[in-house]
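The values are calculated or read from the model by the stated rules, or taken from the named source; none is laboratory data. Fair warning: this is a prediction, and the values are worked out from it, not measured in the lab. In this analysis, Cβ positions are derived from the backbone assuming ideal geometry, glycine residues included, and neighbour counts consider all displayed protein chains. Accessible surface is based on the protein model in full, side chains and every heavy atom, while ligands, DNA and RNA are left aside. Shrake-Rupley method; radii C 1.70, N 1.55, O 1.52, S 1.80 Å.
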Amino acid sequence: MSFAALWLPIVLSAVLVFVASTLIHMLFKWHNSDYHGLANEDAVRDVVRAGSPAPGEYMIPYCGDHKLMRTPEFQKKFADGPVAMVTVRPNGFPGMGPALVQWFIYTLAIAAVAAYVACVGLNGPASFNRVLCMAGLVAFVAYAGGGIQHGIWMGKPWRSVSKDILDALIYASITGATIAWLWPR
């Protein structure tokens, strides 16, 4: 079977995942409780603005040399807190257009990889369940992996990570089922 024959399930699954993610974030809003404001947000904004950081990721406390982390002075900074990872974005209202385009391209790429792995792994006609399992598993790993990494390395709360994993399960189910439904027989 040709991978090119899977273009329709790839595109359709990306569209369906895009719609599902829109419903999750705009209608059900189950991620809204993942984010919190600071009681002294204006003061924090003033301090950060005074430092004039370029867009990027920042660590508080920052240590450019890991050997310094062993010093009592640096360990005190961790003990006293706060310990934070901060992402600074460019100033201005964050337009959703570019992010939505990138998200759609990402869903398209995941669907293409899932379809490709199923195409190579199954090598021809296969039952709905076999295609669903293979394509869905690949999509699940792709969608869930980032959230888990953020929980491990960035300190993202595990409650938020569990919601990301639920999202990944939904997106993977849609991807696997769409590819299996339109799999060439």
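Data overview
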item: Which numbered condition Met96 fails, given (1) under 30 Å from Ala177 (Cα atoms); (2) touching a helix residue (DSSP H, G or I) at 6+ places or on another chain (Cβ under 7 Å); (3) modelled with pLDDT under 95; (4) aliphatic (A, V, I, L, M); result: (2)
item: Test: residue in the range 119-136 that is open to solvent by 30 Å² or more (accessible area, probe 1.4 Å), at pLDDT 95 or above, closer than 16 Å to Ile10 by Cα and of a type in the set (Val, Ile, Thr); result: yes
item: Residue in the range 30-40 that is open to solvent by 80 Å² or more (accessible area, probe 1.4 Å), among the acidic types (Asp, Glu) and not in a loop (DSSP other than H, G, I, E, B) present; result: no
item: Positions within the range 157-172 being open to solvent by 60 Å² or more (accessible area, probe 1.4 Å) and in contact with a helix residue (DSSP H, G or I) (Cβ under 7 Å, 6 or more places away or on another chain), in sequence order; result: Trp158, Leu169
item: Unmet criterion (only one of (1) within 21 Å of Gly56 (Cα to Cα); (2) assigned to a helix (DSSP H, G or I); (3) small (Gly, Ala, Ser)) for Ala118; result: (1)
item: Scan of the range 75-89 for residues that are acidic (Asp, Glu) and surrounded by 12 or more Cβ atoms within 10 Å (Cβ to Cβ), ordered by number; result: none
item: Matching residues, the range 53-74, being open to solvent by less than 90 Å² (accessible area, probe 1.4 Å) and outside any helix (DSSP H, G or I); result: Pro53, Ala54, Pro55, Gly56, Tyr58, Met59, Ile60, Pro61, Cys63, Gly64, Asp65, Thr71
item: Which numbered condition Phe140 fails, given (1) in a helix (DSSP H, G or I); (2) farther than 22 Å from Ile165 by Cβ; result: (2)
item: Residues of the range 126-185 satisfying the condition of being over 12 Å from the mean Cα position of the chain (by Cα), under 19 Å from Met85 (Cβ atoms) and of a type in the set (A, V, I, L, M, F, W, C); result: Ile152, Trp153, Met154, Trp158
item: Selection count where residues are more than 27 Å from Ser52 (Cβ to Cβ) and among the β-branched types (Val, Ile, Thr), scope the range 74-116; result: 5
item: Matching residues in the range 137-156 - criterion: being among the hydrophobic types (A, V, I, L, M, F, W, C), open to solvent by 90 Å² or more (accessible area, probe 1.4 Å) and more than 20 Å from Ala14 (Cβ to Cβ); result: Ile152, Trp153
item: Search result, residues across the range 41-52 that are β-branched (Val, Ile, Thr) and either in contact (Cβ under 8 Å) with a residue 40 or more places away in the chain or open to solvent by 60 Å² or more (accessible area, probe 1.4 Å) (or both); result: Val47, Val48
item: Residue check for Ala115: loosely packed, with under 13 Cβ neighbours inside 10 Å and of a type in the set (Gly, Ala, Ser); result: no
item: Residue list for the range 98-119, filter: more than 17 Å from the chain's Cα centre (by Cα) and without any contact (Cβ under 8 Å) to a residue 40 or more places away in the chain; result: Val117
